[in-house]
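Worksheet for the structure shown next.
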Amino acid sequence: MGWKHRHLLGIQPLSREDIWYLLHKANFFRDSLEEKPKKEGQLNGFFMINLFFEPSTRTRISFEMAAKLLGMEVINFTTEMSSILKGENLRDTVRTLSRLKADVLVIRHSSSGVPQYLSQFLPFHIINAGDGMREHPTQALLDLLTIWRHFGRLSNLKVAIIGDILHSRVARSLTIGLQKMGSEVFFSGAPTLVPPEAEKMGGQIIYPLEKAIQGVDVIYLLRIQQERQKAGFFSSIKEYNHFFSLRKDLWEKAKGQAIIMHPGPVNRGVEVDSELVEGTGSLIEEQVTCGLAVRMAVLDTLIQEGKAGD
Amino acid sequence: MTDSILIKKGTLVLPGRKELVDADLLIREGKIVRIGRGIEDPQAYSLNASGLLVGPGLINLHVHFREPGEEKKEDLFTGARAAARGGFTTVVCMPNTCPPLDNPLFARYIVSRSAEIGLVNILPAGAITVGLKGETMTNFGLLKEEGVVALSDDGKSVGKSRLLYLAFRYANYFDLPFILHEEDENLSPAGEMHEGVTSFEMGYRGIPPAGENSRIARDLVLALYTGARVHLTHLSTDLGVDLIRWFQARIPVSADVTPHHLLLTDQQVKQFGTLAKVNPPLREEKDIQALKLGIREGVINILASDHAPHSLEDKEVDFASAPFGISNLEITLPLLVKSLVEEGVIDWISLWEKLSLNPARFLKLTDRGSLEEGKVADITIVDPDTEWEVEVNQFESKGKNCPFQGWPLRGWPVYTILGGKVVMQEGSLIS
Ligand SMILES: [Zn+2]
């Protein structure tokens, strides 16, 4: 069975085999990143456009580096440049871009479903780099790669995802991915940010937080944004930190074989105690490197093999 | 005095078993250790309760003790004395102080001051919103850690529906219930009294039942969808009872009524003036009848005071300028006996249930609210028969703002026992 997707719009459309296909390739790239020189030339002459309607330096740079390692040329449309395009509607903007005859468009947008919408009429491969509150497939893939490389398997693991589940595309993509691979997901955090509907995706809500992280293999913390407090989802950073963050004492009680993960950037002292970020149980930095490898695998696969299908 | 008390020959009120039982009750080291007939204990201080009702200590979900900020009206010490004199062993004080109780430090102060005074368990309710402003949630979890037992913006209702919706869901994590004052102030700008014939006649601005009931309906809908534990306090209208009845078939909502809403109507504003200015306002006879029916059916399962003391100089002004509130903590029980027991609405057992067992369950005070071996010895002893006139000037409360001066009443508390210690005997406090 080969690769049969033209785009990477989400984890949802991928089969378990698709995910393994990307992870095996990414695993190879991850190892090769330790070698010198790292650069491989197999995508020489292909062009990638980074189109970010939301600021995210980390993800944009990761895509850019992945493309360049494969020999691609990269054009960046950052937020500031995208704002030049204000006044045009999204479709016209992207039509203009499409005349640039690039091969891959990496898009991030604050509205859920934009990558799907564009994929209906744009002539190149589309990679969803995060759409609204829906999906962030390369994040989920890099998380899976990190977990796989650590535990040697992706099935029969218990993963607690803690924090702003409601607004998190990371939580959605990761939950879908973990379930396809045969692992269990638990959710916890402030109940205003953990909607009961999350259980419909599979996964189980457990309160209080202490109980949700007991005996799990992975504690996955989500970034909590200040604007959620302003919008009234919780009362204060102080209270959030006291009840809904991974504090050192909770970690000591729960840890066992667990590892700590976070999609970054971390709010130290808000969702996690600062010293745990670089602690022995943390794979947060490894996630960044795995992200590069996963994006290389995705670019390589779409360009080399993503000719037909959806 | 020894640390044992033997209450002899009383009639025990057992709301949990819906029984009155003639028996003795032995207290040792703050706990009820034995209940039965013919108990002897020569070491124990013996208390003759013949002809008296002996029941679990009364619990009051709604008092205002005004500290900090308005100690001229009441403070924790005088409030506690009034509570003990009124037969109450536990009270929940509302957070609309100056500043409001929206900070864990204030809660800690009240809890420690309550222990120091030692006359009644004063449990703080925390504000739902910072400064009672209706804009942002307080730190529910941190408040609970310092002793807050419920959340309330009493005196107001939270205007922003989304804020309350999120607060309801957020509070579930901490298992904190809400005590809700229901009033849409948009419907009663500068309102002074119940909107009806009397307000028209007197020329006072109205507070329509629509304002209370639209908020009751909204908040019960929010509770239905969020699973919040919600208690509606000082219910005053007939429709309110019907709304709660409808929702009670679906969610465990509770409600209370004050004695003044059972005994006075809006017409009595003419007679009592500002002493009868209270919020929610005194309504109409049909409302009283509906409230009584709700009490009999159990739709209204709790009774409370809304003890709201004010200084007389605050009340001795024109009607519009006067603050809302009635001081009634020391006469709450006899007033309820008059309006409910003597009228045949409910019996003593049911009355006691609504004043002890049900509020204890609402607050999840599992070691209080019933007379059982092993429970905390918070006990109230009542003389059901002797009639006394209300003498407002003898109130321990600083608040003498009470329209019931001179009313002959029965059902006065004669002993209050807190944690196995007699703190009130025949109207006098023992310290
Ligand atoms: Zn009120």
Legend entry - Extreme residue, farthest from the ligand (Cβ to nearest atom), among residues of the stretch B:38-71 that are open to solvent by less than 10 Å² (accessible area, probe 1.4 Å) and more than 20 Å from B:Leu151 (Cβ to Cβ): B:Ile39
Legend entry - Criterion violated by B:Met202 - all others in (1) within 14 Å of the ligand (Cβ to nearest atom); (2) more than 14 Å from chain A (Cβ to nearest Cβ) satisfied: (1)
Inset, instruction - Identify all residues within the stretch A:65-89 that are closer than 21 Å to A:Leu122 by Cα, at pLDDT 75 or above and part of a helix (DSSP H, G or I); write none if there are none. - result: A:Ala67
Inset, instruction - Quickly run through the stretch B:122-141 and pick out the residues that are surrounded by fewer than 24 Cβ atoms within 10 Å (Cβ to Cβ), away from chain A (no Cβ under 11 Å) and either within 23 Å of A:Ala231 (Cβ to Cβ) or not aliphatic (A, V, I, L, M) (or both). - result: B:Gly131, B:Leu132, B:Lys133, B:Gly134
Legend entry - Entirely in the stretch B:192-252, the helices (runs of 4 or more DSSP H) that have 1 or more residues that are within 26 Å of A:Pro195 (Cβ to Cβ): B:209-226, B:238-248
Inset, instruction - Count, please, the residues in the stretch B:175-186 that happen to be out of contact with any Phe, Trp or Tyr (no Cβ under 8 Å at 6 or more places or on another chain) and either away from the ligand (no atom under 16 Å from the Cβ) or assigned to a loop (DSSP other than H, G, I, E, B) (or both). - result: 6
Legend entry - Selection status of A:Met181, aliphatic (A, V, I, L, M), under 23 Å from the mean Cα position of the chain (by Cα), open to solvent by 10 Å² or more (accessible area, probe 1.4 Å) and more than 13 Å from chain B (Cβ to nearest Cβ): no
Legend entry - Test result for B:Lys160, within 14 Å of chain A (Cβ to nearest Cβ) and over 30 Å from A:Ile206 (Cα atoms): no
Inset, instruction - Would you check if there is a residue in the stretch B:166-188 being away from chain A (no Cβ under 14 Å), among the aliphatic types (A, V, I, L, M) and open to solvent by 60 Å² or more (accessible area, probe 1.4 Å)? - result: yes
Inset, instruction - Quickly run through the stretch A:131-145 and pick out the residues that are crowded, with 24+ Cβ neighbours inside 10 Å and outside any helix (DSSP H, G or I). - result: A:Asp131, A:Glu135, A:His136
Inset, instruction - Would you confirm whether any residue within the stretch B:298-309 is away from the ligand (no atom under 15 Å from the Cβ), out of contact with any helix residue (DSSP H, G or I) (no Cβ under 6 Å at 6 or more places or on another chain) and in the same structural domain as B:Ser236 (by TED's automatic domain parsing)? - result: yes
Inset, instruction - Kindly provide the set of residues from the stretch B:142-157 that are within 16 Å of the ligand (Cβ to nearest atom) and either within 13 Å of B:Pro100 (Cα to Cα) or within 11 Å of chain A (Cβ to nearest Cβ) (or both), ordered by number. - result: B:Leu151, B:Ser152, B:Asp153, B:Asp154, B:Gly155, B:Lys156
Legend entry - Single residue of A:Glu239, A:Glu227 found to be open to solvent by less than 10 Å² (accessible area, probe 1.4 Å), within 14 Å of chain B (Cβ to nearest Cβ) and not in a loop (DSSP other than H, G, I, E, B): A:Glu239
Legend entry - Count of residues meeting criterion [of a type in the set (D, E, K, R) and either within 17 Å of the chain's Cα centre (by Cα) or closer than 19 Å to A:Gly130 by Cα (or both)] in the stretch A:17-41: 2
Legend entry - Selected residue (criterion: farthest from B:Phe178 (Cα to Cα)) from residues of the stretch B:245-267 that are of a type in the set (Val, Ile, Thr) and either within 13 Å of the ligand (Cβ to nearest atom) or surrounded by fewer than 21 Cβ atoms within 10 Å (Cβ to Cβ) (or both): B:Thr265
Inset, instruction - Grab the helices (runs of 4 or more DSSP H) fully contained in the stretch B:302-387, keeping just those with 1 or more residues being farther than 30 Å from B:Met193 by Cα and of a type in the set (Val, Ile, Thr). - result: B:348-352
Inset, instruction - List every residue pair whose Cβ atoms lie under 6 Å apart, where the two residues are 6 or more positions apart in sequence or sit on different chains, the first residue falls within the stretch B:212-228 and is assigned by TED's automatic domain parsing to the domain that holds B:His194 and open to solvent by less than 30 Å² (accessible area, probe 1.4 Å), and the second residue, located anywhere, is of a type in the set (Ser, Thr, Tyr) and part of a helix (DSSP H, G or I). - result: B:Leu222/B:Tyr165
Legend entry - Residue check for A:Ser245: open to solvent by 10 Å² or more (accessible area, probe 1.4 Å) and small (Gly, Ala, Ser): no
Inset, instruction - Could you list, in sequence order, all residues of the stretch A:45-68 that are of a type in the set (Val, Ile, Thr) and under 19 Å from A:Met133 (Cβ atoms)? - result: A:Thr59
Inset, instruction - Working only within the stretch B:157-177, note down all residues that are among the aromatic types (Phe, Trp, Tyr) and in contact with a strand residue (DSSP E or B) (Cβ under 8 Å, 6 or more places away or on another chain). - result: B:Phe168, B:Tyr170
Inset, instruction - Filter the stretch B:72-107 down to residues that are closer than 14 Å to B:Ser327 by Cβ and open to solvent by 10 Å² or more (accessible area, probe 1.4 Å) and give me whichever is nearest to the ligand (Cβ to nearest atom). - result: B:Lys73
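The values are calculated or read from the model by the stated rules, or taken from the named source; none is laboratory data. These figures come from a predicted structure and were not determined experimentally. All Cβ positions, glycine included, derive from the backbone under ideal geometry; neighbour counts span all protein chains shown. Remember, those area values only see protein heavy atoms, side chains included, never the ligands or the DNA or RNA. Shrake-Rupley method; radii C 1.70, N 1.55, O 1.52, S 1.80 Å.
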